[in-house]
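A.B. asks: Structure incoming, see below.
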Amino acid sequence: MARRASAKSSPAGAETASIEAAPSAEAASLTAPAAVPSNTLLEGDCLQSLAGLPDGCAHLAFADPPFNIGYDYDTYDDRRSADDYLAWSKRWMGEIVRVLRPDGTFWLAIGDEYAAELKVMATRELGLTCRSWVVWYYTFGVNCRQKFSRSHAHIFQFVRDPVAFTFNTEAIRVPSARELVYGDRRADPKGRLPDDTWILRPQDLPEGFGADGDTWYFPRVCGTFKERSGWHGCQMPEQLLGRIIRASSHPDDLVIDPFSGSGTTLAVASKLGRRYLGCELSPQYAARIRERLASARPGDPLDGAPEPLKSVPATEDGRRLGDRRTAGKKRSRADKAAGTLLFPTDQP
Ligand SMILES: C[S@@+](CC[C@H](N)C(=O)[O-])C[C@H]1O[C@@H](n2cnc3c(N)ncnc32)[C@H](O)[C@@H]1O
C-alpha cells in the first residue's frame, strides 16, 4: 500500500514526522470530498467563490482585505459604512472558517481602523483562537501630515483548534542578534524563531526586531523596488508571505487567498510548492495575476531580501557607516532593491 509521510508540529513547535496510510483508490472514491480546484484564480466576489468550496478543504488561508480607508481600487469601493464593512467582514471570515480544515490556520492582515473589531469577531463570534498578534513594521510607508505616518499593519494568526495546528518553527528561523550584532561564536547556527515599539529606522537598532519578537521588519514593496509589479498599490512583500506560508503549511497543502490583489500569496505558494486558490474581484487585476503566476514556478526564489537586517547597512547620525570598499561609491542596485535608501524619496 502506498504510504505518505507528513510532518506536523506540536503547539510547542517541535516537529514530528508521522507516516500515514494513503487510502486505496476504491476507498478514496467512496469517501472522496467534492473536487477542490487548486492552482486556480477564481475571478469575482470571494463570497460566491468560497461558497462553492467544500467544508474543511484548506490548510491555510491568508487574507489582506480592503481596510475600508477609502483606498482607490479599480473595482471595489473602499468606503463602506462601518456597520456594512463589519457585517461583510463577518460573512467572508465565516466562509474562511468553514473552508479551513479543523487543524487549519487563518492569517489576517488588517489596519488600525478595524483590527480590534475583527480580532474580537474572529475569536468571540467565529470561534477562532488567536495565536499571534504580529505587527508588521514597514519603511517607505504613507507620509501623513497631521498624525504619525502609517508604517505598520496588524497580522493575526488564528487557528481553528488551539492544540492541533501547523507551526513549522524550523522553517522560519532567522539569525539571532547574538550572531548578527555581536558575532558571538556561541550563537545557535540554526538561528532563532522570528515588539509596538517606536523605532525610526530598523537598521539603527540591530537589537530590535529580535527573531523571537512579534514586530517584523520588511520594507514595503515601494515604487523603486525591483520586486514591484507596479500595477497594484497594495502588493505585499514575497518574503512576508514566505514566512507565513512556511510556518503554517507543508508542501502540497492548499493555501487560499480571498483577496488576491497582485497575486503575492498565490505566487509565493506556488514557489514554495503549495497548491493555491485565489479570488479577485477585479477582472483587470485578475488578468495581471495570471501573468504573474505564469512565471512563478515551484522552487523559484522569493523576491526581496530574505534577511532585511542582514542586507542593510548600519548608520550613524543619519549617515551610512563607512564600508571601506564601497565608501564614496554609488549604491548598488541590490542595495536599493533591499530598501537601503537613506532618505526615502518614495513617500506617497
Ligand atoms: C489589499 S488588496 C490585496 C493585496 C494583496 N495582498 C497583494 O499582496 O497584492 C485587496 C484586494 O481585494 C480585492 N477585493 C475587494 N473585494 C473583493 C471581493 N468581494 N472578492 C474578491 N476580491 C475582492 C480588491 O480588488 C483588491 O485587489
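A.B. asks: Please find the FRET efficiency linking N143 to Y182, where r is the Cβ-Cβ separation and R0 is fixed at 41 Å, and quote it to the nearest 0.05.
C.D. replies: Working: r = 35 Å, r/R0 = 0.85.
Efficiency for this residue pair is about 0.75.
A.B. asks: If R₀ is 35 angstrom, what is the calculated FRET efficiency for the pair V36 and S295, using the beta carbon separation as r and rounding to 0.05?
C.D. replies: Working: r = 25 Å, r/R0 = 0.70.
The value I calculate is 0.90.
A.B. asks: Place a +1 charge on the Cβ of each Lys and Arg in the stretch 53-136 and a -1 charge on the Cβ of each Asp and Glu, then give the dipole magnitude about the Cα centre in debye, rounded to the nearest 20.
C.D. replies: Details: 9 positive and 14 negative charges, 90 e Å.
Using Cβ point charges on Lys, Arg, Asp and Glu, the stretch 53-136 gives about 440 debye.
A.B. asks: What ³J(HN,Hα) values, in whole Hz, does the Karplus curve 6.51 cos²θ - 1.76 cosθ + 1.60 give for the stretch 290-301 when θ = phi - 60°, with x put for Gly and Pro?
C.D. replies: Listing the rounded values in order: 4, 4, 4, 5, 4, 10, 10, 10, x, x, 4, x Hz.
A.B. asks: In whole Hz, what ³J(HN,Hα) sequence does the stretch 110-116 give by Karplus (6.51, -1.76, 1.60; θ = phi - 60°), x for Gly and Pro?
C.D. replies: Per-residue couplings from phi come out as 7, x, 4, 4, 10, 4, 5 Hz.
A.B. asks: With a 10 Å Cβ neighbour count serving as the proxy for reagent exposure, in which order, fewest first, do K190, K90, K147 appear?
C.D. replies: Details: K190 10, K90 16, K147 6.
Arranged by neighbour count, lowest to highest, K190, K90, K147 become K147, K190, K90.
A.B. asks: Next question, about the same structure. So for the stretch 43-163, taking the charge dipole from beta-carbon charges (+1 Lys/Arg, -1 Asp/Glu), which of G52, W136, L86 sits furthest toward the positive end?
C.D. replies: Checking the options against the dipole of the stretch 43-163, the answer is W136.
A.B. asks: Which length gain, in nm to one decimal place, applies between E113 and Y71 when the Cα-Cα distance is subtracted from 0.36 nm times their residue separation?
C.D. replies: On the way: separation 42, 0.36 × 42 = 15.12 nm, distance 1.31 nm.
Contour length minus Cα-Cα distance gives 13.8 nm.
A.B. asks: When the chain is fully extended, how far beyond the present Cα-Cα distance does T129 get from L47, taking 0.36 nm per residue of separation? Spell out each step's value before the answer.
C.D. replies: Numbers: separation 82, 0.36 × 82 = 29.52 nm, distance 2.26 nm.
Here the segment from T129 to L47 would lengthen by 27.3 nm.
The numbers here are math on the coordinates, done by the rules we state, and not lab data. Everything quoted here is computed from the prediction, not taken from an experiment. When we count neighbours, we look across all protein chains shown, and the Cβ atoms used for this are built from the backbone with ideal geometry, even at glycine.
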